[in-house]
1. Answer with yes or no whether Arg34 is surrounded by fewer than 16 Cβ atoms within 10 Å (Cβ to Cβ), out of contact with any Lys or Arg (no Cβ under 6 Å at 6 or more places or on another chain) and not β-branched (Val, Ile, Thr).
2. So in region 152-170, with the set limited to residues that are of a type in the set (D, E, K, R) and in a helix (DSSP H, G or I), which one is surrounded by the fewest Cβ atoms within 10 Å (Cβ to Cβ)?
3. May I ask you to list the residues in region 228-282 that are small (Gly, Ala, Ser) and closer than 20 Å to Gly33 by Cα?
4. Could you check region 44-56 and list, in sequence order, the residues that are touching a helix residue (DSSP H, G or I) at 6+ places or on another chain (Cβ under 8 Å) and not in a loop (DSSP other than H, G, I, E, B)?
5. For region 217-240, which residues satisfy the criterion of being under 18 Å from Ala91 (Cβ atoms) and in contact with a helix residue (DSSP H, G or I) (Cβ under 8 Å, 6 or more places away or on another chain)?
6. Can you say whether Asp89 is closer than 15 Å to Leu27 by Cα and under 15 Å from the mean Cα position of the chain (by Cα), as far as the supplied structure shows?
7. Identify, please: which residue in region 192-214 is under 17 Å from Glu181 (Cβ atoms), surrounded by 16 or more Cβ atoms within 10 Å (Cβ to Cβ) and of a type in the set (D, E, K, R) and is, among those, modelled with the highest pLDDT?
8. Would you check which residues across region 238-263 are closer than 23 Å to Asp134 by Cα, crowded, with 22+ Cβ neighbours inside 10 Å and in contact with a strand residue (DSSP E or B) (Cβ under 7 Å, 6 or more places away or on another chain) and list them?
Amino acid sequence: MDILRDRTAAADGQADDINYSDIGARLNAYRMGRNISPEELAARLGISRAALYRVEKGDIRKIDTLTSIARVLGVSLPNLLGVGVEYVDNAVAFFERMRQIEEDSEQIIGLFGPVSYLLTSDDYDEMLQQVFQDLERDAGGANTETSQQIARLLDILRQRKQAYRRRRQLLVSLITSADFERFLQHGLVAGGAMPHALQRDRRAMACREARHITALLRKQPIGVQIGIVQQSTPAIGFQIFRQPNRSVLAISPFRLGEQPNVHVGVGLITSAPEALTLHEDIARTLWDKSLKGDDAADYLDGLIAQHCEATSGD
């Protein structure tokens, strides 16, 4: 199967008209990322909650409204309009935008470690929650705003996984062998020192998740393609979303794998043809050279045997 089918057609089909529903979706994501409630934003704008609801649904009648919203949210008007490159400076807003874009996507191609989040098991969510709590503690302890943002982020991620399981879009996940091996060696950890017993538990959880991935490789569910990339790869993950009338590229500094990062970084989202073409070429090259099917499963089983046997013997 050609993982990058209809590239020219998709590029030619990019719409030039402003999509007001997209603007409303961005507004919603940025508001969530700033931890501002609908009631608070409406009050700061001097409009009713119902009027803000209509704006977030794409019913936008005045440019002055968007200008005021952009000012309150601390983003530029071009960013809110989605002109050129959309910059997202926090994980909540970025993953909410991923959820929104995935809703209209027919195919998703991703390079994220250790594997596309959409393919992970429900146990992985439990592991993420524990690590996010570690990150919160390492950052100086829990506070209401941080706890709310972590809860919101976990909810968004779960919504993405549930939506994928309902729709079952075509999904290509490129796995970097080096990222996968580090995942097995360390487990999902915040990065700081931790008790030996806890580290052992996290590594054991990583081993269980790794076996889930190899089971997918053996089973090869319809619409799922996984490739193990053994050569060097870009340091920052990216996803390409194929929609009926356009394609969207998302470049993410936020990580959900070994040593997750959900605090620092700027994500980029764009439909610029040049950016899409360059990343499509990277994805095609990596896919063509990757291990697939039973070969990929055998390779991962070898890493599991090497690192997970050592874990069970600690």
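1. For Arg34, the condition - surrounded by fewer than 16 Cβ atoms within 10 Å (Cβ to Cβ), out of contact with any Lys or Arg (no Cβ under 6 Å at 6 or more places or on another chain) and not β-branched (Val, Ile, Thr) - is not met.
2. This residue is Arg166.
3. Listed by number, the residues that qualify are Ala250, Ser252, Gly265, Gly267.
4. Scanning region 44-56 gives Arg44, Leu45, Arg49, Ala51, Leu52, Tyr53, Val55, Glu56.
5. Taking region 217-240 as the starting set, the residues that turn out to be under 18 Å from Ala91 (Cβ atoms) are 235-239.
Across region 217-240, the qualifying residues are Phe238, Gln239.
6. Considered against the rule, which asks whether it is closer than 15 Å to Leu27 by Cα and under 15 Å from the mean Cα position of the chain (by Cα), Asp89 comes out as yes.
7. Filtering first and then ranking leaves Glu209.
8. Ser252, Phe254 - these are the residues of region 238-263 that are closer than 23 Å to Asp134 by Cα, crowded, with 22+ Cβ neighbours inside 10 Å and in contact with a strand residue (DSSP E or B) (Cβ under 7 Å, 6 or more places away or on another chain).
The values are calculated or read from the model by the stated rules, or taken from the named source; none is laboratory data. Computed from a prediction, not measured in an experiment: that's the story for all the values here. Reconstructed Cβ throughout: ideal geometry from the backbone, glycine too, with neighbour counts over all protein chains shown.
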